[in-house]
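Some notes on the structure that comes next.
The values are calculated or read from the model by the stated rules, or taken from the named source; none is laboratory data. All figures in this text were calculated on a predicted structure; none of them were measured in a lab. As a convention, Cβ positions derive from the backbone with ideal geometry for all residues, glycine included, and neighbour counts pool all protein chains shown.
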Amino acid sequence: MKKLGFLLALICIAITACETGTGTNTAEPTVKKGIKPVADDEIAVIEMEDASAYGTITIELYSNIAPKMVARFKELAKEGVYNGVTFHRVSADVIQSGDPNSKDDDPTNDGKGSSDKPNVEAEFSDIEFDAGIVGAARGPDFNSANSQFFIMKKRQPNFNNRYTVFGKVIDGMNNVTTIGGAPVQGEKPMSKIVIKKITIRPKS
């Protein structure tokens, strides 16, 4: 009986270690339902390096839906982390940016980086991923959002309840379309599309 008890204790410890380890978190996060997004008193303005080609993109932010991700986005913008990053990914559905790795001359590491701050927990909601919605990019772990973000080019139901919505484009969607039409190799733009800076401003 003592041996059986010892074996059961070992099994219990092993199961606990698997559940609390640092591996990928595949547990489905809670989805906030029926909450209408309310725009913050501050907006984010993305200014492009090549303003004549890409102009600006203005985003309203939803702290009532995703307070942690909005706080992170504002923090990184104010610290200048986004200054000089590129839209490193252009797919059929999104344009994606926010990776500090994209500031260097090595395109192979674009999309693999993050800020030096801890990851942000999932803040999923039932807001549909339609054109103009701004979401937090992540890895396989639902709680791995950090600095990268994406802007929807069109409706994509497969994204619903799977990524954190934290804002929406309210001006400059034509510039999103222009960036989204850039020549690509795979999903990487053939020429750098650089963000000059992201400014957090009071909503007028």
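Tabulated data
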quantity: Qualifying residue in segment 107-114 (condition: acidic (Asp, Glu) and modelled with pLDDT of 95 or more); calculated: no
quantity: Total residues in segment 89-122, condition among the aliphatic types (A, V, I, L, M), crowded, with 20+ Cβ neighbours inside 10 Å and more than 19 Å from Met69 (Cβ to Cβ); calculated: 1
quantity: Residue count for segment 149-162, restricted to those that are out of contact with any helix residue (DSSP H, G or I) (no Cβ under 6 Å at 6 or more places or on another chain) and closer than 23 Å to Leu76 by Cβ; calculated: 5
quantity: Single residue of segment 170-191 satisfying the filter (more than 18 Å from the chain's Cα centre (by Cα) and in a loop (DSSP other than H, G, I, E, B)) that is surrounded by the most Cβ atoms within 10 Å (Cβ to Cβ); calculated: Gly172
quantity: Only listed residue being out of contact with any Gly (no Cβ under 6 Å at 6 or more places or on another chain) and more than 28 Å from Asp41 (Cα to Cα), chosen from Asp93, Asp116; calculated: Asp93
quantity: Scope segment 192-204; condition in a loop (DSSP other than H, G, I, E, B) and under 20 Å from the mean Cα position of the chain (by Cα); matching residues; calculated: Lys192, Ile193
quantity: Qualifying residue in segment 132-148 (condition: under 17 Å from Gly84 (Cα atoms) and in contact with a helix residue (DSSP H, G or I) (Cβ under 7 Å, 6 or more places away or on another chain)); calculated: yes
quantity: Selection from segment 148-183 of residues that are hydroxyl-bearing (Ser, Thr, Tyr) and touching a strand residue (DSSP E or B) at 6+ places or on another chain (Cβ under 9 Å); calculated: Tyr163, Thr164
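Conditions tested, residue by residue: (1) closer than 21 Å to Val194 by Cβ; (2) of a type in the set (Val, Ile, Thr).
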| position | (1), (2) |
| --- | --- |
| Ser63 | no, no |
| Ala66 | no, no |
| Ala77 | yes, no |
| Asn83 | yes, no |
| Thr86 | yes, yes |
| Ser91 | yes, no |
| Val94 | yes, yes |
| Asp99 | yes, no |
| Ser102 | yes, no |
